[in-house]
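**Q** Okay, handing you the structure first.
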Amino acid sequence: MKVKSEELVTLITIKTSCDKETIELGYRIGKNCKGGEIVALCGDLGAGKTCFVKGIGKGLNIEDRVINSPTFLICQSYTSGRLPLFHFDLYRLSDFSEIEDIGWYDYLNSDSVIVIEWAEKIREYLISDNVLWVTINIISENIREFVISANNKKLKYLLD
Amino acid sequence: MNILAIETSCDDTSCAVITDNYKLLSLNISSQNDIHGNFGGVVPEIASRQHLRILPFIFQKTLQDAKISIKDIDGICATIGPGLVGSLLVGLMFAKGLCISNKKPFFGVNHIEGHFFASFLEEKRPDFPFIALVASGGHTALYLVKGFRNYKIIGQTRDDAAGEAFDKVAKLLGIGYPGGVAIEKFAEGVRGSINLPYPLEKEKDFSFSGLKTAVLTIVKKTDNLSDDFKKNLCASFQEKVVKILVDKTVRACKKYKVKNIVISGGVASNKLLRQEITTIAKSEDLEVFIPQKKFCTDNAAMIGVVGYYFLKNNFKTDLSVSAIPDWSF
């Protein structure tokens, strides 16, 4: 089943003007996570995806300094916080079978939070109500626009 | 004493046999050309569960190359973290199976400590303490190494690894993969004149994401990317990354009053890095140890050095151990 982006409900559109504000936005979402949420990130190279994930980690009480890019490893796990965080980066992958190969279904667990960079590569497989889509648009050198959407309003609590 | 080592933490599947005095008897890595040929097909770059398919083959070839059988092995070690959990588990479970069926002791090795001791595979070995710079596609960090399992982390990357920055810059310039090799080739004989930022200049940690984004911004602003401009950009980028790595390593030596430097990880094969660190070391009265390329990139021989040390000294890891994907010191 394919989900088209126009079927998603936009929950909020917000701009940040520096890394610190991007981390704060991530923090807001991280601290509201209860477990089972999947944050799907889309945005070009240099959009600030890893920076945003540092904020989510901070909201889960994971030291933001230790969160870095999982491009090479494809998935970094962080278990030192209030909920486990699995940070995926699909940059090096070409299709869904490759993420299945590394044990994708084993990671889907209601007790953890999953964040996926380059999530657009597996868009049609991310159809659950627990997926929060975060698209980052580069407006200028420092300004980023975050368009946050989901299947329905169920995940609105993440933005409280 | 013969130790079998298994490494499957990320893309590469590798086995090695290490014997007394850390001597390497045999080493096989899935990325080797002869493995591709002998295995009957190309091993995908992203191995993940391919480890399962290729590991038995690599294991057997490694014993054959060492001209020994499993009976001649006195202990088995494997990387149990950090890495991709599914990949780590293949190597760990294979090792456990061998240990149980052949009644051999097991030792679980940390992938990063393996990089520190790649330097022991060479004839000239560093004395403790030494500063270790591990710079690869997945890691960039500085450690103070006082002995086996006596490590202190000094600084690490807060975002991209150095090797990853090379790959991403090469990709955005469209000059090929792997990025380290492509950029090195493009920058050859060129002195960079483009000013790029030095993120976290005063700190012990590294940051390469901002450097990558700075290159991206320049590329976006430039209408016509000529080859000369690309060369200049590659040279400027490479010089900056090398400067950052060298600066922070030398600074760590001074702070901890350490004379020996070990550099490992894929980025250690960069010629400019080797050249710059060697020059500075001479003027600062430091000694640099850089293992040959096949020991710098992911391999089981370096894991075997650590396993050999501990198993020789009667340490072993209980077989109930599981993979530790986020194991850090």
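The values are calculated or read from the model by the stated rules, or taken from the named source; none is laboratory data. Remember, predicted model here, so these are calculated numbers, not experimental data. Virtual Cβ from ideal backbone geometry, glycine too; neighbours counted across all protein chains shown. SASA here: full protein model, heavy atoms, side chains in, ligands and nucleic acids out. Shrake-Rupley method; radii C 1.70, N 1.55, O 1.52, S 1.80 Å.
**Q** Among the GluC sites (Glu not before Pro) in segment B:68-165, which ones are in a DSSP loop with at most 15 other Cβ atoms within 10 Å of the Cβ? Mind listing them?
**A** On the way: sites: B:Glu113, B:Glu122, B:Glu123, B:Glu164; in loops: B:Glu122, B:Glu123.
The qualifying sites are B:Glu122, B:Glu123.
**Q** Please identify the GluC sites (Glu not before Pro) of segment A:1-77 that satisfy two criteria: DSSP loop assignment and at most 12 other Cβ atoms within 10 Å. Which are they?
**A** Those satisfying the criteria are A:Glu63.
**Q** Hand me the trypsin sites (Lys or Arg not before Pro) from segment B:131-217 located in a DSSP loop with no more than 13 other Cβ atoms within 10 Å, in residue order please.
**A** B:Arg149, B:Arg191, B:Lys202
**Q** Could you tell me the total accessible area buried at the A-B interface, probe 1.4 Å, in square angstrom to the nearest hundred?
**A** Summing both chains' loss of accessible area gives about 2500 Å².
**Q** Give the angle, between 0 and 90 degrees and rounded to the nearest 10, that separates the Cα long axis of helix B:227-256 from the longest principal axis of the Cα atoms of chain B.
**A** Tilt of helix B:227-256: around 60 degrees.
**Q** With each label point set 7 Å from Cα along the Cα-Cβ vector, what nm distance links A:Tyr105 and B:Phe315?
**A** Label-label distance for A:Tyr105 and B:Phe315, simple model: 3.9 nm.
**Q** Another question, if that's okay. Residues with amide H under 5 Å of B:Thr317's amide H, sequence separation 5 or more or different chain, H placed in the peptide plane at 1.01 Å from N; which?
**A** Result for B:Thr317 returns B:Phe106, B:Phe107, B:Gly108.
**Q** Next up: Helix-only mean residue ellipticity at 222 nm, chain A, DSSP H runs n ≥ 4 weighted -39,500 (n - 2.57), per residue, nearest 500. What is it?
**A** After summing the helix terms and dividing by the residues of chain A, the value is -6000 deg cm²/dmol.
**Q** Students sometimes get this wrong: rank A:Arg144, A:Arg65 by accessible area, probe 1.4 Å, all chains present, largest first. Don't skip to the end; give the middle numbers.
**A** On the way: A:Arg144 20, A:Arg65 70 Å².
Largest accessible area first, the list is A:Arg65, A:Arg144.
**Q** Could you run the Debye sum over the Cα atoms of segment B:202-251, one equal point scatterer each and no solvent, and tell me log10 of I(q)/I(0) at q = 0.26, 0.29, 0.30 Å⁻¹, two decimals?
**A** -1.01, -1.13, -1.17
**Q** Debye sum, Cα scatterers, segment A:1-94, no solvent: what log₁₀ I/I(0) at q = 0.13, 0.18, 0.22 1/Å?
**A** Values returned for q = 0.13, 0.18, 0.22 Å⁻¹ are -0.47, -0.90, -1.25.
**Q** A further question on this structure: For a paramagnetic label modelled at 7 Å from the Cα of B:Ser283 toward its Cβ, which residues of segment B:245-265 fall within the zone defined by backbone nitrogen distances under 17 Å?
**A** Under cut-off, by backbone N: B:245-254.
**Q** If you stretched the chain out fully between B:Lys220 and B:Glu123, how much longer would it get, using 0.36 nm times the residue separation minus the C-alpha to C-alpha distance?
**A** 30.1 nm
**Q** Can you work out the PRE-style zone for B:Tyr256? Point 7 Å along Cα to Cβ, and I want the residues of segment B:125-148 with backbone N under 19 Å.
**A** B:125-136, B:139-148
**Q** May I ask for log10 I(q)/I(0) of segment B:124-290 at q = 0.09 Å⁻¹, from a Debye sum over the Cα atoms as equal point scatterers with solvent left out?
**A** Each listed q corresponds, in turn, to -0.29.
**Q** Here's something else I'd like to know. List the lysines whose Cα sits under 20 Å from the Cα of A:Lys153, skipping any in the same chain fewer than 8 residues away.
**A** Those lysines meeting the cut-off are A:Lys2, A:Lys4, A:Lys31, A:Lys34.
**Q** Under the √(5λ) rule applied to the eigenvalues of the Cα gyration tensor, what semi-axes describe the equivalent ellipsoid of the protein assembly as shown? Give them in Å, descending.
**A** 37, 29, 21
**Q** To the nearest 20 debye, what is the magnitude of the charge dipole of segment B:124-290 about its Cα centre, counting +1 on the Cβ of each Lys and Arg and -1 on the Cβ of each Asp and Glu? Show your work: numbers first, answer last.
**A** Working: 28 positive and 19 negative charges, 107 e Å.
Here the size comes out at about 520 debye.
**Q** With each pseudo-label sitting 7 Å past Cα toward Cβ, what's the B:Lys103-A:Ile139 distance in nm, one decimal?
**A** Distance between the two pseudo-spin positions: 7.2 nm.
**Q** Same structure again: Calculate, for segment A:12-159, the solvent-accessible area per residue in square angstrom, rolling a 1.4 angstrom probe over the heavy atoms of the protein chains.
**A** 39
**Q** Within the protein assembly as shown, what whole-number % of the accessible surface is contributed by carbon and sulfur, with the 1.4 Å probe and all protein chains included in the calculation?
**A** 50
**Q** Using a simple spin-label model with points 7 Å from Cα along the Cα→Cβ vector, what separation in nm is obtained for B:Lys67 and A:Lys153?
**A** 7.8
**Q** Moving to a separate point now. Distance check, please: which entries in B:Lys202/B:Lys293; B:Lys248/B:Lys282; B:Lys168/B:Lys212; A:Lys49/A:Lys121; B:Lys240/B:Lys294; B:Lys231/B:Lys293 exceed 19 angstrom between their Cα atoms? Please report the intermediate quantities before stating the final value.
**A** Working: B:Lys202/B:Lys293 31 Å; B:Lys248/B:Lys282 16 Å; B:Lys168/B:Lys212 7 Å; A:Lys49/A:Lys121 15 Å; B:Lys240/B:Lys294 25 Å; B:Lys231/B:Lys293 25 Å.
Beyond 19 Å: B:Lys202/B:Lys293; B:Lys240/B:Lys294; B:Lys231/B:Lys293.
**Q** Another question, if that's okay. Over its Cα atoms, what ratio of radius of gyration to 2.2 N^0.38 Å does chain A give?
**A** 0.94
**Q** Okay, moving on. Excluding B:Leu25 itself, what net charge comes from residues whose Cβ is under 11 Å from its Cβ, given Lys and Arg +1 and Asp and Glu -1?
**A** In short, -1.
**Q** Taking the convex hull of the alpha carbon atoms in chain B, what volume per residue do you get, in Å³?
**A** Dividing the Cα hull volume of chain B by its residues yields 133 Å³.
**Q** Towards the positive end of the charge dipole of the protein assembly as shown, with charges on Cβ (+1 Lys, Arg; -1 Asp, Glu), say which of B:Gln50, B:Phe117, B:Val190 has the farthest Cα.
**A** Result: B:Phe117.
**Q** Work out the length of the dipole vector of segment A:12-159 about its Cα centre, built from +1 on the beta-carbon of each Lys and Arg and -1 on the beta-carbon of each Asp and Glu, and round it to the nearest 20 debye.
**A** Numbers: 17 positive and 20 negative charges, 144 e Å.
Roughly 700 debye, rounded to the nearest 20.
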